[in-house]
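The values are calculated or read from the model by the stated rules, or taken from the named source; none is laboratory data. All of these numbers come straight from a predicted model, not from anything done at the bench. Positions of Cβ are backbone-derived with ideal geometry, glycine not excepted, and every protein chain shown enters the neighbour counts.
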Amino acid sequence: MSGSPAKKPVDRNARLAWTMVAVAGGMLGLAYAAVPLYQAFCKATGFAGTPLIAQSDDHPVIARTVEVRFDSNTDPNLPWRFEPVQREVKVHLGEQKLVFFRATNVSQRPIVGTATYNVTPESSAQWFNKLQCFCFTEQVLKPGQSVDMPVLFFVDPDMDKDRRYDNIRTITLSYTFYESKTERAKTLLGGLPAKDTGKGG
């Protein structure tokens, strides 16, 4: 009496190998997807010091004030000078405030830059709202060009209703600029006249 043939060990090993490859591929895909998902979550909730992007500017202005300080940084590989025009401002909660950061391209080539940002203390990020910001889009600077870039913001007056935030007197808004090499950046550079790219005669 003969039974069904035993499955070869090599078949089981092959299936196991393919399963592990599939799992690894899935984990890699999740890792790539996690970055934009995490960034979107931070922007929506103010988590990890990421300030909110305001959908409305309809809010009251109240007596309580906070000092907002501005910090600027550049990646070591980006040949730009970047600094706030004002180092700090005092604002009432709910008051819209317009400030500027100045960027200068000190290189001999046009460069597209993109900025990341955060707010400290992190607990204040959920109350810090930006209505307009240069960080929403990539910035292109020609050789030697200097521009003043606006940030329009307010601190949500609802922060005053939560006693846990009574001790917040100072908020720091920090930006770091990096060179952008995205497809959009290449398109922006490709649209510049030859004289602005360092390739003109």
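For the range 46-68, the candidate set comprises residues that are out of contact with any His (no Cβ under 9 Å at 6 or more places or on another chain) and outside any loop (DSSP other than H, G, I, E, B); within that set, the residue that is modelled with the lowest pLDDT is 48.
Restricting attention to the range 101-125, the residues that are within 15 Å of the chain's Cα centre (by Cα) and part of a helix (DSSP H, G or I) total 2.
In this structure, does residue 119 turn out to be among the β-branched types (Val, Ile, Thr), closer than 26 Å to residue 64 by Cβ and without any contact (Cβ under 8 Å) to a residue 60 or more places away in the chain?
Numbers: among the β-branched types (Val, Ile, Thr): yes; closer than 26 Å to residue 64 by Cβ: yes; without any contact (Cβ under 8 Å) to a residue 60 or more places away in the chain: no.
Criteria not met by residue 119.
Restricting the range 97-110 to residues that are in contact (Cβ under 8 Å) with a residue 60 or more places away in the chain and touching a Pro at 6+ places or on another chain (Cβ under 7 Å) leaves a set whose member that is farthest from residue 77 (Cα to Cα) is 101. Taken over the range 69-99, the residue count meeting the criterion of being over 17 Å from the mean Cα position of the chain (by Cα), in a loop (DSSP other than H, G, I, E, B) and either among the hydroxyl-bearing types (Ser, Thr, Tyr) or within 13 Å of residue 177 (Cα to Cα) (or both) is 3.
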